[in-house]
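Reviewing the structure listed below.
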Amino acid sequence: MRLLESVAQHEHGAPAKQLARETGLALPTAYHLLRTLVHEGYLRRDRGLFFLGEAAERLSSSGAEQKRRSTVLEALAHWRDLIGVPVYYAQYRDGEIEVLCVSDSPGIPAVEEWADFRETGHAHAIGQCLLAQLDDESRRDHLDRYPVQSITPYTVRDGHGLLRRLERTARMGPVIERQEYALGTVCAAIPITVGNAAATMAISLPAHQADRLMAATQQLQEEIGRLMGSLAISISI
């Protein structure tokens, strides 16, 4: 690890003797470890100089992604505790609805995914919010693959009704859903701009606390606004 750290400090490469000196390793030991790291792809050797290899770069990329995800989870946990609701983060990627992060607790449980979120986007606030951000062609393509079906008595009845509702949705405004996905639950989703991707932050509440939904949604919007600058990169998970 010390050798990897030492090589990483030399953009234009470094010879074995210099790396051995910097890490305090005996030269034969350094040579042995360097050969092993080259063999495993963590380093590459060119004209007697050592550089970071593809395996080390992949490790770095993976670590950066974990850090970004951790930043998002910390934000969601903060909002969960502050507002007293479970908080969700989702994106529309490669034609699919993906719930990427959920922050809840035993006292503030998330909605149970009793019907696949990807297939029931027409019924829940997360899906409706993501579909509302798509262009008309992408929206219709999604509904061709995942037709509207009633899963509770409150679910929109057909694709035409859903499309009319989505067209009326205010741009960048919150989407509210009341017991359309799960009986006894109300939800709200807030559109988020992540480059060209459709994304959303959402919350849910038991139906008997429905009177809290709008205030909680507004509070989440304000909190997102405060942190959006620092989260802009992190939410591109």
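In the set 197, 202, only one residue is in contact with a Lys or Arg (Cβ under 7 Å, 6 or more places away or on another chain) and either closer than 13 Å to residue 85 by Cβ or at pLDDT below 95 (or both); that residue is 197.
Within region 165-190, restricting attention to residues that are closer than 19 Å to residue 90 by Cβ and polar (S, T, N, Q), the residue that is most open to solvent (accessible area, probe 1.4 Å) is 169. Here residue 149 meets each of (1) of a type outside the set (Phe, Trp, Tyr); (2) part of a helix (DSSP H, G or I); (3) open to solvent by 30 Å² or more (accessible area, probe 1.4 Å) with one exception, condition (2).
In this structure, residue 193 qualifies as open to solvent by 30 Å² or more (accessible area, probe 1.4 Å), part of a strand (DSSP E or B) and closer than 16 Å to residue 129 by Cα.
Residues in region 104-120: is at least one hydroxyl-bearing (Ser, Thr, Tyr), in a loop (DSSP other than H, G, I, E, B), open to solvent by 30 Å² or more (accessible area, probe 1.4 Å) and in contact with an Asp or Glu (Cβ under 9 Å, 6 or more places away or on another chain)? No: zero hits.
Of all residues in region 21-43, those that are open to solvent by 60 Å² or more (accessible area, probe 1.4 Å) and touching an Asp or Glu at 6+ places or on another chain (Cβ under 6 Å) total 0.
Taking the conditions (1) closer than 28 Å to residue 75 by Cβ; (2) among the hydrophobic types (A, V, I, L, M, F, W, C); (3) touching a helix residue (DSSP H, G or I) at 6+ places or on another chain (Cβ under 6 Å) in turn, residue 126 satisfies each one other than (3). Among all residues of region 91-100, there is none that is modelled with pLDDT of 95 or more and open to solvent by 70 Å² or more (accessible area, probe 1.4 Å). Residues in region 218-237 that are modelled with pLDDT of 80 or more and either under 17 Å from the mean Cα position of the chain (by Cα) or closer than 16 Å to residue 102 by Cα (or both) were compared, and the one that is surrounded by the most Cβ atoms within 10 Å (Cβ to Cβ) is 220.
For region 1-17, the set of residues classified as without any contact (Cβ under 8 Å) to a residue 24 or more places away in the chain and surrounded by fewer than 16 Cβ atoms within 10 Å (Cβ to Cβ) consists of 1, 2, 5, 9, 11, 17, listed by residue number. The set of residues in region 96-120 that are of a type in the set (Gly, Ala, Ser) and farther than 23 Å from residue 79 by Cβ contains only 115.
The values are calculated or read from the model by the stated rules, or taken from the named source; none is laboratory data. Just so you know, these numbers come straight off a predicted model, no measurement behind them. Here Cβ is always computed from backbone atoms with ideal geometry, including for glycine, and neighbour counts include all displayed protein chains. Just the protein is used for accessible areas: all its heavy atoms, side chains included, with ligands, DNA and RNA removed. Shrake-Rupley method; radii C 1.70, N 1.55, O 1.52, S 1.80 Å.
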